[in-house]
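Below is one structure, written out as structure tokens; the observations come after it.
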Amino acid sequence: QVQLVESGGGLVQPGGSLRLSCAVSGSIFSINRMGWYRQAPGKQRELVATVTSDGKIVYADSVKGRFTISKDNAKNTVYLQMNSLQPEDTAGYYCNGNVRLSSSLRTIEVWGQGTLVTVSS
């Protein structure tokens, strides 16, 4: 069974930084795309950033210049470095992966359990 294991959330003051990590566990053949989404209370889940296997990156306009997504192919892990955090960045952050299974070569979409980021003084 393929799972995404997230870490790195927490409480930070405005202007501070956090780094989120998301590791893929389980038997996979390849990773097509991984990314981060967030959902604030009372709002819909929204894209934060994604990165494809060939390195193509997409950011939400609201995080451009402040957040950086990166990946370690050897570790099947994606990171989200968040700088200059603001209260409006407060949300549950969810890792998403589009991966190909090694058993069947079928492509599936997988979500992590989420990690809470709170930006407050």
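The values are calculated or read from the model by the stated rules, or taken from the named source; none is laboratory data. This is a predicted model, so every value here is computed, not measured. FYI the Cβ positions are ideal-geometry reconstructions off the backbone, even for glycines, and counts take in every protein chain you see. For accessibility, only protein heavy atoms count, side chains too; no ligands or nucleic acids. Shrake-Rupley method; radii C 1.70, N 1.55, O 1.52, S 1.80 Å.
Tabulated results
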quantity	calculated
Subset of the stretch 50-61 [free of Cβ contacts under 8 Å to residues at least 24 places away in the same chain and surrounded by 13 or more Cβ atoms within 10 Å (Cβ to Cβ)]	T52, S53, I57, V58, Y59, A60
Inter-residue pairs, beta-carbon under 7 Å, first surrounded by fewer than 12 Cβ atoms within 10 Å (Cβ to Cβ) and in the stretch 102-115, second at pLDDT below 95 and in a loop (DSSP other than H, G, I, E, B), 6+ apart	S103/S27
Residue within the stretch 63-83 that is under 25 Å from Q1 (Cα atoms) and aromatic (F, W, Y) present	yes
Number of the exception - S104 against (1) at pLDDT 95 or above; (2) over 21 Å from G10 (Cα atoms)	(1)
Enumeration of residues in the stretch 18-45 that are more than 19 Å from V110 (Cα to Cα) and either part of a strand (DSSP E or B) or open to solvent by 60 Å² or more (accessible area, probe 1.4 Å) (or both)	L18, R19, P41, G42, K43
Pair list, Cβ < 8 Å and 6+ apart or interchain, from the stretch 1-14 residues that are within 18 Å of Y94 (Cβ to Cβ) and open to solvent by 30 Å² or more (accessible area, probe 1.4 Å) to residues that are at pLDDT 95 or above and basic (K, R)	G8/R19
Hits in the stretch 46-61 (condition: among the aliphatic types (A, V, I, L, M) and not in a strand (DSSP E or B))	A60
Residues of the stretch 62-91 satisfying the condition of being open to solvent by 10 Å² or more (accessible area, probe 1.4 Å) and part of a strand (DSSP E or B)	T68, S70, K71, D72, T77, Y79, Q81
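Let's see how each residue does on (1) touching a helix residue (DSSP H, G or I) at 6+ places or on another chain (Cβ under 7 Å); (2) at pLDDT below 95; (3) on the phi < 0 side of the Ramachandran plot; (4) among the aliphatic types (A, V, I, L, M):
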position	(1), (2), (3), (4)
L4	no, no, yes, yes
L18	no, no, yes, yes
S25	no, yes, yes, no
N32	no, no, yes, no
W36	no, no, yes, no
Q44	no, no, yes, no
V48	no, no, yes, yes
T52	no, no, yes, no
